[in-house]
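Participant: Take a look at this one; I'll ask things after.
The values are calculated or read from the model by the stated rules, or taken from the named source; none is laboratory data. Predicted model, so just to flag it, every value in this text is computed and none were measured. FYI the Cβ positions are ideal-geometry reconstructions off the backbone, even for glycines, and counts take in every protein chain you see. Side chains included, ligands, DNA and RNA excluded: accessible areas come from the protein's heavy atoms. Shrake-Rupley method; radii C 1.70, N 1.55, O 1.52, S 1.80 Å.
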Amino acid sequence: MPQPARAIVIGGGIGGLTAAAALHGRGRDVTVLERAPSLEPVGAAISLAPNALRALDVLGIGDEIRDLAAWEGDGGLRTPGGRWLSRSSAEAAAARFGEPLVLLPRATLVDRLAALLPPGTVRTAAAATLADPGDSRRPARVSVGGQELEAQLVVGADGINSRVRRALFPLHPGPVYAGFTTWRVLVPVPGAEFASHETWGRGRIWGTHPLKDGRVYAYAAAMTPAGERAPDDEKAELLRRFGDWHDPVPAVLAAARPEDVLRHDVHHIATPLPAHHLGRVALIGDAAHAMPPTLGQGGNQAIEDAIVLAHRDDLAAYTAARLPRTTAIARRAVRVARLNMAGNPAAVAVRDIAVAALSKAGPALFLRGFDGIADWRPPYAAGETTAGRP
């Protein structure tokens, strides 16, 4: 009996694990090589829009994730003083897109994806290098731990600073600084009661969302020079920048310890790649199309990539299916960043008036931003396992 075709996934994040699970379900012999010593994800929580939930349905875990997640949408956009610019609801999102947006800890999603894989599939502390992308006549080759592995398919899921991408497209300029940094916090906030919200200030934003497990996920962003860090600690920096904003921002900051605060500068791929594949290698997620987090679609698009890749007969078809969509979404995320990170006082005033007026005239601006994104549906049935051979 012939052995299953081998696939190697470089990177054990959400996109890489989704790809591994989808390829395994399609009959592949999969190995995941993760550089870090564990699969513990970097980041606090992830928002999953209906497009990603439907992709997870193909793996058979969509309903489980829905049960574990909190619904987003009961809230809206506010000013730093607390005035509502726009209101939205989870029910409105469900009516518009077929189901709501949800939020859950990244670690929960990683655990559920990893559980879909056979024991021994994931190798941690395994820094891998693409030695040869292969072609139609020869397999791809990956170097790891002093040995060389051959594969009919290699998936580059190694993030925004992807070494696989650089090996495939050495002349591509790579990611550029988006002009702002982000902070993320995931903490219990005893006694806090509030509606989810995102608050837009001058060159600064803050978002607060309750999770189903009782903790609160908060994120913030501010225009800063690349590489800048707080002179003391990042909690103190958040207090300086956001400590006088409306409730529950002060309560979240009071509940957070300095070590609870994650900070990362935002980079994105401003120049689209010429393709999302070369030879027998495909790129997914941030390795292919890193985008600002302003639409919350980075992880969602990685999940889409993974499902589409596993079901395509050849990698050219994968690029044709994914590159136009992800390029358009990445450009929209950049436009949204320019809007919500505006720093000029006059521009901020005009923005806030326009958002309030548009929200009174029709569906919330928050929901309109997901038109053409959240309504995506995978052209594959849940649990489909007929083996494909990219």
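Participant: For Phe97, what is the net charge nearby, where nearby means another residue's Cβ is under 13 Å from its Cβ and Lys, Arg count +1, Asp, Glu -1?
Facilitator: -1
Participant: Of Pro345, His311, Ala288, whose Cα points farthest to the positive end of the dipole of the range 271-345 (charges on the beta-carbon: +1 Lys, Arg; -1 Asp, Glu; origin at the Cα centre)?
Facilitator: About the Cα centre, the residue reaching furthest to the positive side is Pro345.
Participant: Shifting gears a bit: Taking +1 at the Cβ of each Lys and Arg and -1 at the Cβ of each Asp and Glu, which of Asn161, Gly76, Trp245 sits farthest along the dipole of the chain towards its positive end, judged by Cα position relative to the Cα centre?
Facilitator: Asn161
Participant: Continuing with the same structure: Of the accessible area of the range 1-157, with the probe set at 1.4 angstrom, what percent is carbon plus sulfur?
Facilitator: 49
Participant: State the percentage of accessible surface on the range 204-342 attributable to carbon and sulfur atoms; use a 1.4 Å probe and exclude ligands, DNA and RNA.
Facilitator: Here carbon and sulfur together make up 54 percent of the probe-accessible area.
Participant: A follow-up question, please. Accessible area per residue for the range 236-343 in Å², computed with a 1.4 Å probe and the full protein assembly in place, what is it?
Facilitator: Working: 3810 Å² over 108 residues.
Ligands and nucleic acids excluded, the figure is 35 Å² per residue.
Participant: Here is a further query. How far is helix 345-361 tilted, in degrees, relative to the longest principal axis of the Cα atoms in the chain, given as a value from 0 to 90 rounded to the nearest 10?
Facilitator: For 345-361 against the chain, the angle is about 80 degrees.
Participant: So what J values fall out for the range 326-334 if you push phi through Karplus, 6.51 cos²θ - 1.76 cosθ + 1.60 with θ = phi - 60°, rounded to Hz, Gly and Pro as x?
Facilitator: My calculation for the range 326-334 gives 5, 5, 5, 5, 4, 5, 5, 4, 5 Hz in order.
Participant: Around Thr208, with a cut-off of 11 angstrom between Cβ atoms, what is the net charge of the other residues, counting Lys and Arg +1 and Asp and Glu -1?
Facilitator: In short, -1.
Participant: Relative to the Cα centre, what is the charge dipole magnitude of the range 73-222, using +1 at the beta carbon of each Lys and Arg, -1 at the beta carbon of each Asp and Glu, and rounding to the nearest 20 debye?
Facilitator: Computed about the Cα centre, the dipole is about 400 debye.
Participant: Okay, moving on. Go through His197, Gln152, Gly174 and say which Cα lies farthest out towards the positive end of the charge dipole of the range 120-198; charges sit on Cβ, +1 for Lys and Arg, -1 for Asp and Glu.
Facilitator: Most positive-ward Cα: Gln152.
Participant: To continue, here is another question. Longest span of the chain, sites excluded, free of GluC sites (Glu not before Pro) in DSSP loop with at most 12 other C-beta atoms within 10 Å?
Facilitator: On the way: sites that count: Glu193, Glu228.
Formally, the longest exposed-site-free interval is 1-192.
Participant: Can I ask one more? To the nearest 500 deg cm²/dmol, what mean residue ellipticity at 222 nm is calculated for the chain from DSSP H runs of n ≥ 4 alone, each contributing -39,500 (n - 2.57), summed and divided by the residues? Kindly include the intermediate steps, with their values, before the conclusion.
Facilitator: Working: 13 runs with 132 residues, N = 390.
Result for the chain, helices only: -10000 deg cm²/dmol.
Participant: Just to confirm, what accessible area per residue do you get for the range 103-164 at 1.4 Å probe, in whole Å²?
Facilitator: 45
Participant: Check Ser47: other-chain or 5+ apart residues with amide H under 5 Å from its amide H, H built from backbone geometry?
Facilitator: Placed amide hydrogens put nothing under 5 Å from Ser47.
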